[in-house]
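Asks: Here's a structure for you.
Derivation of every value follows stated rules applied to the coordinates shown; laboratory data play no part. Computed from a predicted structure; not experimentally measured. Ideal geometry is used to build each Cβ from the backbone, glycine not excepted, and the neighbour counts take in all protein chains shown.
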Amino acid sequence: MFDTLTDRLDGVFRKLRSRGKLHPKQVDNALGEIRTALLEADVAVEVVDDLLARVRVRALSEEVTKSITPAQQVVKIMDEELRVTLGGEHRPFTLGGPTPAVILMAGVQGSGKTTACAKLALHLKGTGRRPLLVGADLDRPGAVEQLRTLGRETGIPVWSEGRDPVRLAKNGVKEGARSGADVVIIDTAGRLHVDLDMMRQARRIRDVTKPVHVVMACDAMTGQDAVVQAREFMREVDTTGFIITKLDGDARGGAALSMTAVTGRPVFFVGTGEKVGDLEPFYPDRMAGRILGMGDVLTLIEKAQGTVDQEAAAAAAEQLLQGRFTLEDFLVQLREMKKLGSLQDLMKMLPGMPGGRGAMKDLAAAVDDGQLRQAEAIILSMTPGERRDPAIISGSRRLRIANGSGVTTADVNALLKDFEGARKMMRTMMGGKRVPGMKMPARLPER
Ligand code: GDP
Ligand code: MG
């Protein structure tokens, strides 16, 4: 997500950084390039202009132009203002009011409503809720069946009886109360466009079910049109917030960046894949960081916590903090990363490092290619001392390790190189701080 945008912005900032002192003209040039990049990513033009106007005022202040690191300041300002555009503070998805709490899912056809209903239900179930899914999309043949399939997959009950969507929705809430559900999520019919018919139906369902949330599912791939849809829907039905779907695709994603600025309503979640687990709470600050190529370590860590061995992860993190990252930790990391599935996606969340994205991809490829077992064998053939301090692994030790693990010395060398790369990455993640037990250059090279 946002790959192209991030690369473009990275280029602009890199150029700025190479300058030293900043003149107003250079700031304006950079802002012009950022504007083009944002527009090409489909961010709504009024949102872009408003954002950059705020950045410009601050970037041209004396405080910035006179500082020793003006370019860094501009990046920081951009980060802060982008966060504001994305909604500022994270707004958690809360369910107050009477039980069962009703959530109405709306949006155009194909925007990902049905999938989002199941994802949201699973998410809420994970927080201890007892959801009921109600299928009120009777327009699209198969929509209810799709919901039932998702319900079976997630172990969440699905209810859909009757022929009139409005009455069905109302009865669905009753069924929820009767069966002891504390959340009822209603999937509704979409149209090809946001039209009056669709909005009238959504409004009627809203009036009879009294939802705490009317959530609009928005496809990130819709581009600028999504903003138009959101605005109309907001006016006619009112929305409490959004789920931006399909952010995993090669969507330019601008819709996601524009929604809140245009409607004043938060993005609650983003959908990042077709699977029911692919839903992430939306954090404006993390998203801003991700877009600006500063990584999203927190989301990465949360994702890791959901999947990996907690103790192993904690131990590795502890090692990291201590600045002792050994081959044993590397092995643990490789194993845990393997469990996380698509490593490449995760790597994109990590902050940039001297080798750039290429280096991360190499590391990811090393794991993805099924070389994990070989890496394991090699590391297990080392003595504890060697694992702690690979610097002592001389030529003869390499041969012994290679023989012991049934590989060639070239394989051992490759593994040590991967390890070095990972260690460098860790070092960068820690902000280049000097840490005990690690030989560091006096100054880290600028990336
Ligand atoms: P609806 O017509 O609004 O109910 O949309 P659906 O929930 O049926 O989704 C339409 C298509 O988009 C389906 O093929 C889904 O699998 C897919 N989809 C939904 N959400 C996501 C997402 O976050 N990522 C990806 N890659 N696909 C999604
Ligand atoms: Mg549907």
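Asks: Against the globular-protein guess of 2.2 N^0.38 Å, express the Cα radius of gyration of the stretch 104-146 as a ratio, rounded to two decimals. Mind dumping the intermediate values first?
Replies: On the way: Rg = 11.0 Å, N = 43, 2.2 N^0.38 = 9.2 Å.
In units of the globular-protein estimate, the stretch 104-146 measures up at 1.20.
Asks: Shifting gears a bit: Between Rg and the Kirkwood Rh of the stretch 152-202, both from Cα atoms, what is the Rg to Rh ratio? Mind dumping the intermediate values first?
Replies: Details: Rg = 12.8 Å, Rh = 12.4 Å.
Rounded to two decimals, Rg over Rh is 1.03.
Asks: Please compute the length gained on full extension between D238 and E89, using 0.36 nm multiplied by the number of residues separating them and subtracting their Cα-Cα distance.
Replies: Details: separation 149, 0.36 × 149 = 53.64 nm, distance 2.13 nm.
Separation in residues times 0.36 nm, less the Cα-Cα distance, equals 51.5 nm.
Asks: How compact is the stretch 107-182 by the rule of thumb for globular proteins, expressed as Cα Rg over 2.2 N^0.38 Å?
Replies: Working: Rg = 11.9 Å, N = 76, 2.2 N^0.38 = 11.4 Å.
So the stretch 107-182 has a normalised radius of gyration of 1.04.
Asks: Just want to confirm a number: the relative contact order over the stretch 101-292, from Cα pairs under 8 angstrom separated by 6+ residues, in percent.
Replies: Dividing the mean separation by the residue count of the stretch 101-292 yields 25 percent.
Asks: Still on this model: Average projected area of the Cα convex hull of the stretch 101-292, in nm²? Intermediate values should be presented prior to the final figure.
Replies: On the way: hull surface 39.5 nm².
Hull-based average projected area comes out at 9.9 nm².
Asks: Report the gain in length on full extension from T149 to K424: 0.36 nm times residue separation, minus Cα-Cα distance, nm rounded to one decimal.
Replies: Details: separation 275, 0.36 × 275 = 99.00 nm, distance 4.53 nm.
Gain on stretching T149 to K424: 94.5 nm.
Asks: May I ask for the Rg/Rh ratio of the stretch 149-260, computed from Cα atoms with Rh as the Kirkwood radius, given to two decimals? Could the numbers behind the result be given before it?
Replies: Working: Rg = 15.3 Å, Rh = 15.4 Å.
That ratio is 0.99, to two decimals.
Asks: Also, quick follow-up: Once label points are set 7 Å from the Cα along Cα→Cβ at both S179 and R19, what is their separation, rounded to one decimal in nm?
Replies: Roughly 6.1 nm, to one decimal.
Asks: So what are the stretch 1-143's ellipsoid semi-axes, whole angstrom, largest first, if each one is the square root of 5 times an eigenvalue of the alpha-carbon gyration tensor?
Replies: On the way: eigenvalues 376, 64, 32 Å².
Semi-axes, largest first: 43, 18, 13 Å.
Asks: Cα-Cα over 30 Å: which of K25/K76; K76/K125; K15/K424; K76/K119; K15/K113; K66/K424? Walk me through the numbers before you get to the answer.
Replies: Details: K25/K76 19 Å; K76/K125 38 Å; K15/K424 24 Å; K76/K119 34 Å; K15/K113 42 Å; K66/K424 33 Å.
The answer is K76/K125; K76/K119; K15/K113; K66/K424.
Asks: In debye, nearest 20, what is the charge dipole magnitude of the stretch 3-86 about its Cα centre with +1 on Lys and Arg Cβ and -1 on Asp and Glu Cβ, if you could check?
Replies: Numbers: 14 positive and 15 negative charges, 119 e Å.
Dipole of the stretch 3-86, to the nearest 20 debye: 580 debye.
Asks: So how far apart, in nm, are the two label points at V57 and A410 if each is 7 Å from Cα heading toward Cβ?
Replies: About 6.2 nm separates the two model spin labels.
Asks: Taking the inverse of the average 1/r across all pairs of different Cα atoms in the stretch 3-86, what Kirkwood radius in Å do you get?
Replies: Numbers: mean 1/r = 0.0786 Å⁻¹.
By the Kirkwood definition, the hydrodynamic radius is 12.7 Å.
Asks: Quick check: Cα centre of the stretch 164-202 to Cα centre of the stretch 1-78, how many Å?
Replies: 44
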